[in-house]
Structures are given as structure tokens and as C-alpha cells.
Amino acid sequence: MTKLSASLPEGTANGLGLIAVELAKLPDVRHVAIVVLDCKQILTDVDSGAELPTARIRRIEVIKDPAHVDQLEDILRAAHMQRHGVTHLPVTEPLFDTEPEREPDDIADDFDHVARRLEEGAQP
């Protein structure tokens with residue numbers, strides 16, 4: 001098993017600021033991001049010798065371009081198949097469901113609200 005460090009990279013290595021407002025206002029929408037990881041620490045159980053690594057996100061970038069999202073879905077599906085030793089995954093639903101399950105009018109109202117807040121000086 002691997003744990004994930006709760007901290008995110010600081011400065012320009014953290015691309016999540018791009019979607020901060022969307023995350024708050026449209027929490028049901030999934031977003032696609034690419035992360036670069038390394039190991040922050042390894043905890044060792046002295047009795048068993050088992051090691052538990054903690055992964056650290058070194059860089060994270062949100063992918064907004066639909067064409068790139070489609071490419072990443074193909075890459076993720078291929079990596080999943082390789083990891084599980086299968087040659088075919090049933091395509092029952094997209095891996096990246098990036099569209100909200102909401103009425104268009106509700107979404108427009110949310111974006112209008114966010115736009116007004118940003119005009120008033122709110123930080124994303």
C-alpha cells in the first residue's frame with residue numbers, strides 16, 4: 001500500500017489554482033490533471049520489516065483541452081489494462097466524466113455568481 005502526502009507543491013508547480021473556483025462552485029465535476037510524484041518518506045515496521053512509502057506530488061497541472069482529455073483517457077485505460085494484465089476493458093462509461101450532472105440553467109447561474117464575485121474582488 002502507498003499513502004499520499006496531504007501537502008501540495010507551492011508556487012508554479014501547483015496548477016490547481018486554475019480550477020479553484022470551479023472546485024468550490026461545481027464540486028460534482030471531475031477534473032483531469034497530470035501529476036509528477038516521488039517518495040517523501042518510507043515508514044518501516046521494525047517487527048515485520050514492511051515498508052510503507054508516502055508519495056509526494058511534485059507537480060500538478062490541470063488539463064482543460066477536451067482533445068487532451070480524450071488522449072489521457074486512452075493512456076489511463078491502457079495503463080490500467082497493462083497493470084491488471086487484461087487486453088480489453090468494457091467501455092460502459094467514460095473514465096473522465098468531466099461534465100456536471102446538472103441543468104444548464106443551474107450551471108449558468110453558478111458561473112454568473114462566480115463572475116460577480118470575481119468582479120467584486122474575491123480571490124479564486
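May I ask you to say which residue of Asp47, Asp74, Asp65 is within 29 Å of Thr87 (Cα to Cα), over 15 Å from the mean Cα position of the chain (by Cα) and exposed (fewer than 14 other Cβ atoms within 10 Å of the Cβ)? Working first, answer last.
Values: Asp47 fails: within 29 Å of Thr87 (Cα to Cα); Asp65 fails: over 15 Å from the mean Cα position of the chain (by Cα).
From the options Asp47, Asp74, Asp65, the qualifying one is Asp74.
Quick grid of which residues meet (1) surrounded by fewer than 12 Cβ atoms within 10 Å (Cβ to Cβ); (2) at pLDDT 90 or above; (3) among the aliphatic types (A, V, I, L, M):
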site: Lys3; (1), (2), (3): no, yes, no
site: Ile34; (1), (2), (3): no, yes, yes
site: Asp38; (1), (2), (3): yes, yes, no
site: Leu43; (1), (2), (3): yes, yes, yes
site: Ile57; (1), (2), (3): no, yes, yes
site: Thr87; (1), (2), (3): yes, no, no
site: Pro90; (1), (2), (3): yes, no, no
site: Pro100; (1), (2), (3): no, no, no
Task: In segment 5-32, the residues that are of a type in the set (Val, Ile, Thr) and surrounded by 10 or more Cβ atoms within 10 Å (Cβ to Cβ) - done: Ile19, Val21, Val29, Val32
Open item on the list: Under 6 Å between Cβ atoms, which residue pairs at least 6 apart in sequence (or on different chains) link something in segment 5-31 that is assigned to a helix (DSSP H, G or I) with a partner that is basic (Lys, Arg)?
Closed with: Ala13/Arg59
TODO: For segment 65-82, state whether one or more residues are in a loop (DSSP other than H, G, I, E, B) and modelled with pLDDT of 90 or more.
DONE: yes
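The values are calculated or read from the model by the stated rules, or taken from the named source; none is laboratory data. Fair warning: this is a prediction, and the values are worked out from it, not measured in the lab. Here the Cβ is made from the backbone with ideal geometry for all residues, glycine too, and neighbour counts use every protein chain on show.
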